[in-house]
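Presented below is the structure to which this report refers.
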Amino acid sequence: MDNNVREQLKKDSIYIVDVDKEIPKDLNYEFVILNRDMIIGKEEDFVNNKIEYFPARLFVVDESEFSDEVLKKRICGLHQKEFDQQYQEIKNNENIDYETTEKFKLWLYQKWIEHLMSSLNVKNLKFYVRVKGEEGTGDKEILEYIFNNFKEEIAKLLFDEDDESKGNFINKQIPEDQRPSIFKNEANLLDYWLGDGESDEKKRKQLEGIIEAIKDILVKKTLKTVPTVLGELKGKEINFKFEDWNIPGVVTVENYDMDDLDTIAYSHHADVRLTNNLYAESLSGSQSYFSLFQSKLSDYQEKKFFCQLIENALLRYVIVDERVADYRVKNSDFAERAKAGGIQIPLKIKKYESNEHLTLASGKPEDDSPQDCENCEGDVLIIHQGVLDEICSDREKAKEFVLEKRKKFPFVFITTGRGREGIVKGIKYIPFSNISHYLLKAFPEKFVLTTILMQITVPKDKGTENG
């Protein structure tokens, strides 16, 4: 294969494995295309010891299926003729740049979604998105979005005594007659900006001034796989509808049917918790990705966002963690939204090599989703290292348990708040702070967590995740 094409694809977060070269330690890419020769005859070793070096979206150019069940679910097969055609289009372009590789990336997204649909035995999907904005997103929602996502930076800017620019910022950005009287501490600031009092519009403008002042910090914080949009949140009613591009088996619809089993729904100003849909999410202006629905994205960004939304909906989560289970029991609205959004949170789990169960949370939840992990079905398993320590006699048994569970849940992650060092080696790691921040809230942000999980890898030289 042409090295120039390979290098440009790498820049666009697509890595094609060259069996004649050593695989790099850092494989933090959106897509990796494997060489089948590195797997054939070594399937068990690849599944148990190597597959977690790579991110989630894996491909191989081959039409035949793997015999191993984990590989069947984890790796998407590409037809040689189709791949050659897509690759040749890039190679034929005199100036290979991001624009020339965007079509290739969308093709990979399309094939990945077809693969996920096949794994779930889903042949047809109806995709419904509605963001209602005749009255525009309210200032209150905009305010909550800005503050909730950037409050650490805001607090540092306003209350860090070592920050010499603080006084100048307040004086320049907020005139004295508009300045709140309670610039005292973060708690008072939160009460002021999210509480009653001065108009939401006035307070929003003050926050927008803060955002402008710390823009460099925010750019570094933005997830690179999600298009960066920090612009105007007031929008319009939209429906995704593509005339010249589609994913086989997926159609966009304008009319919502809450009882349709094949529907994926993202709906604003409409509560879609109690539905029979394959996936249903109630959108809120407080969610960090809400602005993407109402912003002017490029054709490529819009189609990529469309793919990411479908991918997110097709990945069913099972989260085994006592803190999350307790939150489920105590928050019925969250429990209902989690269930509608493909998140199962069991309240107990069977101990490894024992008939006893470990109780994760007490109390009876109001929703009817499974309470025993044994009865959960999903694609992504997130399990607390503390739970593994309780249900397994040692780390060797914990590794056995995880590998066994991966036959049922192809994507397994360990979470803990104590850092990477204490986790089971060779298994992907997600900090609990990500779960707490994006899921344990009135409107869960599974989309953002999915974006993060899809690129997590285990570094080759450490056996612990590089995040």
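The values are calculated or read from the model by the stated rules, or taken from the named source; none is laboratory data. These numbers were taken from a predicted model, which means no experiment stands behind them. Note that we place each Cβ from the backbone using ideal geometry, even for glycine, and neighbour counts take in every protein chain shown.
Only one entry of K73, K25, K91, K11 meets the criterion of being in contact with a helix residue (DSSP H, G or I) (Cβ under 6 Å, 6 or more places away or on another chain), of a type outside the set (D, E), touching a residue at least 40 places away in the same chain (Cβ under 8 Å) and surrounded by fewer than 18 Cβ atoms within 10 Å (Cβ to Cβ), and that entry is K91. Restricting to region 45-68, name every residue that is among the charged types (D, E, K, R) and more than 24 Å from the chain's Cα centre (by Cα). Scanning region 45-68 gives D45, D62, E63, E65, D68. Considering region 51-70, the residues that are loosely packed, with under 14 Cβ neighbours inside 10 Å and free of Cβ contacts under 8 Å to residues at least 60 places away in the same chain include one that is nearest to V5 (Cα to Cα), namely E63.
Conditions (1) modelled with pLDDT of 90 or more; (2) of a type outside the set (S, T, N, Q); (3) over 16 Å from the mean Cα position of the chain (by Cα); (4) farther than 17 Å from R337 by Cα, marked per residue:
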residue: H268; (1), (2), (3), (4): no, yes, yes, no
residue: Y279; (1), (2), (3), (4): yes, yes, no, no
residue: Q294; (1), (2), (3), (4): no, no, yes, yes
residue: S298; (1), (2), (3), (4): no, no, yes, yes
residue: A313; (1), (2), (3), (4): yes, yes, no, no
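Quick one: would you say K105 is assigned to a helix (DSSP H, G or I) and either modelled with pLDDT under 95 or of a type in the set (A, V, I, L, M, F, W, C) (or both)? Here the answer is yes, as K105 does meet what is asked.
Every listed requirement among (1) touching a strand residue (DSSP E or B) at 6+ places or on another chain (Cβ under 8 Å); (2) of a type outside the set (A, V, I, L, M); (3) free of Cβ contacts under 8 Å to residues at least 60 places away in the same chain is met by G386 save one, (3).
A quick yes/no check of all residues on (1) under 17 Å from D26 (Cα atoms); (2) modelled with pLDDT under 95; (3) among the hydroxyl-bearing types (S, T, Y); (4) out of contact with any Gly (no Cβ under 8 Å at 6 or more places or on another chain):
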residue: R418; (1), (2), (3), (4): no, yes, no, yes
residue: K441; (1), (2), (3), (4): no, yes, no, yes
residue: L449; (1), (2), (3), (4): no, no, no, yes
residue: K462; (1), (2), (3), (4): yes, yes, no, yes
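Checking S362, S369, S393, S436 one by one, the residue that is small (G, A, S), out of contact with any helix residue (DSSP H, G or I) (no Cβ under 8 Å at 6 or more places or on another chain) and at negative phi is S393 and no other.
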